[in-house]
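Structure record follows, encoded as structure tokens.
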Amino acid sequence: MYKPLIYLVLLLSLFSCAEKQHADLIITNAKIYTVDENFSKAEAFAINNGKFVSVGLSKEIKSKYKASKTYNAKGKTIYPGLIDAHCHFYSLGIYMQKVDLAGTKSFEEVLERIKAFQKEKNSSFIFGRGWDQNDWEVKEYPTKKELDILFPKIPVAVRRIDGHAMLANQAALDLAGIDDNTKITGGEIIKNKDKITGVLIDNAMDLVSRIIPSETKKEAIQALKDAEKYCFSYGLTTVDDAGLDRKTIELIDSLQLAGELKMRIYAMVSASRDNMDYYLKNGIFKSDRLNVRSFKVYADGALGSRGAALKKPYSDRANHYGAMVTDLDTLQIIAKKIANSNFQMNTHAIGDSANAFILKTYADALKSQTNRRWRMEHAQIIAPADFYYFTEIIPSVQPTHATSDMYWAEDRIGSERIKNAYAYKKLLKINGKIALGTDFPVEKVNPMLTFYAAVARKDTKGYPKDGFEIENGLTREETLKGMTIWAAYANFEENEKGSIEIGKFADFIVMDQDIMEIEIDKIPEVKVFETWLNGEKVNPE
Ligand SMILES: [Zn+2]
């Protein structure tokens with residue numbers, strides 16, 4: 001008695017097969033790197049409801065779909081939307097509103113920029129970032145002397161490019177309660193003949209950071225929007241923000257829900273006590289555009305400011321080992337807490353001592369648990385004996401750090417330790433995957449510079465000719481994977497993004513040139529032609 005009904009259903013489905021299916025958009029005649037399992041190429045795809053519904057040859061897609069919109073790519077190259085696996089997205093936006101000292105060639109230029117900024121903004125607390133004494137003729141730390149003359153009453157605090165050192169004037173130090181006798185652990189107050197110079201390293205900066213007026217909601221919203229626009233112009237469709245507070249995460253969620261912010265954000269939660277209590281109690285939060293399932297922890301400082309924790313002293317400063325910025329007991333307690341939850345632990349570790357301690361702490365906390373995808377952020381200097389830990393721990397590295405630091409890194413750590421620093425190929429070989437990022441605004445946002453630094457191991461000046469420790473260069477295919485599917489994997493998101501495959505978000509970029517084939521030294525100049533997120537063109541708008 002049910003037979004006729006079955007025949008009817010069959011007949012109807014046959015008819016609908018013959019008819020073309022609906023798609024919101026089809027793109028044809030492209031050279032598409034799908035970055036799927038076989039690294040296969042395609043010519044066309046169809047998108048519906050923000051997801052890829054079919055990928056294949058132009059002929060196939062055209063015959064199968066009737067689309068509201070069609071786009072003939074005329075031979076342009078398409079890659080999955082790019083992911084920055086470690087950056088500071090919100091900070092980028094905040095700093096876009098503050099004094100920018102990046103690229104300054106002397107301390108005089110720093111002073112000029114601060115003066116110009118203040119003339120325009122008339123700020124009650126001057127804050128900014130980006131200076132780097134390694135770029136100056138005189139490569140020593142500056143002092144607060146001139147800032148005290150220029151701004152006797154207005155507090156000034158400007159961070160070094162790596163965010164691990166700060167120059168503050170007397171007005172700021174007074175407000176923070178820092179004087180010649182102040183003691184600090186996990187950091188340093190630089191002195192000259194027992195007098196404070198205004199330079200603060202790592203934890204010492206917190207005393208000043210605490211008194212900087214926090215941004216208003218309006219400023220915070222503007223920061224997120226500014227950062228998004230800038231990142232879209234470089235082809236990023238997901239950013240892993242390495243350290244956000246609950247307040248900012250909730251603001252991001254509300255803006256995304258209102259359609260005011262489109263960027264997909266993997267929000268690593270700053271591992272403060274309040275943040276940890278809240279998220280461990282409430283569990284993972286996940287929407288299509290926001291994923292909160294990891295904590296960001298700091299182990300040590302940075303190499304440039306000699307804050308990275310080393311096993312043996314710095315090669316350019318006697319008896320100095322750098323420092324851990326979180327005490328060891330706390331790190332172990334945090335690791336155990338996170339190991340007992342579903343959250344991921346992502347720890348900033350630069351020096352070989354910091355990396356060794358965290359790798360061991362991870363192993364102890366996870367015991368028999370496998371594939372928890374815990375990450376080592378930077379994984380910069382690794383003792384030879386410690387590499388094997390990376391079979392289980394994901395290295396999350398920033399190739400432009402290698403080409404920015406190469407000018408002075410060997411001075412800091414010597415010719416032996418440098419061999420196991422920025423060792424991306426070695427880390428990849430051990431883990432099988434590597435996640436790539438920039439740490440912007442420490443480095444520039446442009447992912448093409450990451451691609452170039454990873455493959456050629458050169459900076460934008462084309463230096464050094466044969467590449468810095470070129471044996472640790474990645475292939476183009478590995479690099480593209482590190483910026484897409486492996487970065488997605490490091491976020492537990494490989495089933496929804498990171499490649500152009502059916503069922504995944506339609507996040508992709510269109511380019512005039514094929515970065516997999518053009519002459520390698522042309523890569524830094526390559527511009528992203530269009531950025532698409534969820535099937536929508538987000539750049540140019
Ligand atoms: Zn960072």
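The values are calculated or read from the model by the stated rules, or taken from the named source; none is laboratory data. This one's a predicted model, so the numbers in the text were calculated from it and none came from an experiment. All Cβ positions, even for glycine, are placed from backbone atoms using ideal geometry, and neighbour counts span all protein chains on display.
Data overview
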quantity: Helices (runs of 4 or more DSSP H) completely within region 387-454 that count 1 or more residues being within 16 Å of the ligand (Cβ to nearest atom); calculated: 399-405
quantity: Of the criteria (1) surrounded by 15 or more Cβ atoms within 10 Å (Cβ to Cβ); (2) within 13 Å of Ala271 (Cβ to Cβ), which one Ile333 fails; calculated: (1)
quantity: Scan of region 467-485 for residues that are part of a helix (DSSP H, G or I) and of a type in the set (Asp, Glu), ordered by number; calculated: Glu471, Glu477, Glu478
quantity: The one condition in (1) at negative phi; (2) surrounded by 23 or more Cβ atoms within 10 Å (Cβ to Cβ); (3) out of contact with any His (no Cβ under 6 Å at 6 or more places or on another chain) that Ser287 fails to fulfil; calculated: (2)
quantity: Residue match in region 97-116 (condition: surrounded by fewer than 17 Cβ atoms within 10 Å (Cβ to Cβ), polar (S, T, N, Q), away from the ligand (no atom under 16 Å from the Cβ) and in a strand (DSSP E or B)); calculated: no
quantity: Identity of the residue in region 24-47, under 13 Å from Glu501 (Cα atoms) and among the polar types (S, T, N, Q), that ends up surrounded by the most Cβ atoms within 10 Å (Cβ to Cβ); calculated: Thr34
quantity: Unmet criterion (only one of (1) surrounded by fewer than 19 Cβ atoms within 10 Å (Cβ to Cβ); (2) of a type in the set (Phe, Trp, Tyr); (3) assigned to a strand (DSSP E or B)) for Tyr141; calculated: (3)
quantity: Answer residue from region 395-408, given it is touching a Gly at 6+ places or on another chain (Cβ under 9 Å) and closer than 16 Å to Arg306 by Cα and is surrounded by the fewest Cβ atoms within 10 Å (Cβ to Cβ) among those; calculated: Trp408
quantity: Per-region count, region 63-106, residues touching a Lys or Arg at 6+ places or on another chain (Cβ under 8 Å) and of a type in the set (Phe, Trp, Tyr); calculated: 2
quantity: Only one of Ile201, Ile212 that is within 24 Å of Ala172 (Cβ to Cβ), in contact (Cβ under 8 Å) with a residue 60 or more places away in the chain and outside any strand (DSSP E or B); calculated: Ile212
quantity: Number of positions in region 486-513 that are more than 19 Å from Tyr71 (Cα to Cα) and either in a loop (DSSP other than H, G, I, E, B) or not hydroxyl-bearing (Ser, Thr, Tyr) (or both); calculated: 15
quantity: Number of the exception - Thr391 against (1) under 30 Å from Thr361 (Cβ atoms); (2) among the β-branched types (Val, Ile, Thr); (3) touching a strand residue (DSSP E or B) at 6+ places or on another chain (Cβ under 9 Å); calculated: (3)
quantity: Flag if Tyr90 is assigned to a strand (DSSP E or B) and farther than 16 Å from Lys20 by Cα; calculated: no
quantity: Boolean, Ala85 is outside any helix (DSSP H, G or I) and within 16 Å of the ligand (Cβ to nearest atom); calculated: yes
quantity: Selection status of Ile358, of a type in the set (A, V, I, L, M, F, W, C), within 16 Å of the ligand (Cβ to nearest atom) and in a helix (DSSP H, G or I); calculated: yes
quantity: Unmet criterion (only one of (1) crowded, with 19+ Cβ neighbours inside 10 Å; (2) in contact with a strand residue (DSSP E or B) (Cβ under 6 Å, 6 or more places away or on another chain); (3) closer than 25 Å to Lys296 by Cβ) for Asn169; calculated: (3)
quantity: Close pairs from region 369-384: first within 18 Å of Ala302 (Cβ to Cβ) and within 16 Å of the ligand (Cβ to nearest atom), partner assigned to a loop (DSSP other than H, G, I, E, B) and hydroxyl-bearing (Ser, Thr, Tyr), Cβ under 7 Å, at least 6 apart; calculated: Gln380/Tyr422
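Quick grid of which residues meet (1) under 27 Å from Glu501 (Cα atoms); (2) surrounded by 15 or more Cβ atoms within 10 Å (Cβ to Cβ); (3) at pLDDT 95 or above:
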site: Leu57; (1), (2), (3): yes, no, yes
site: Asn72; (1), (2), (3): yes, no, yes
site: Ala85; (1), (2), (3): yes, yes, yes
site: Leu92; (1), (2), (3): no, yes, yes
site: Ile126; (1), (2), (3): no, yes, yes
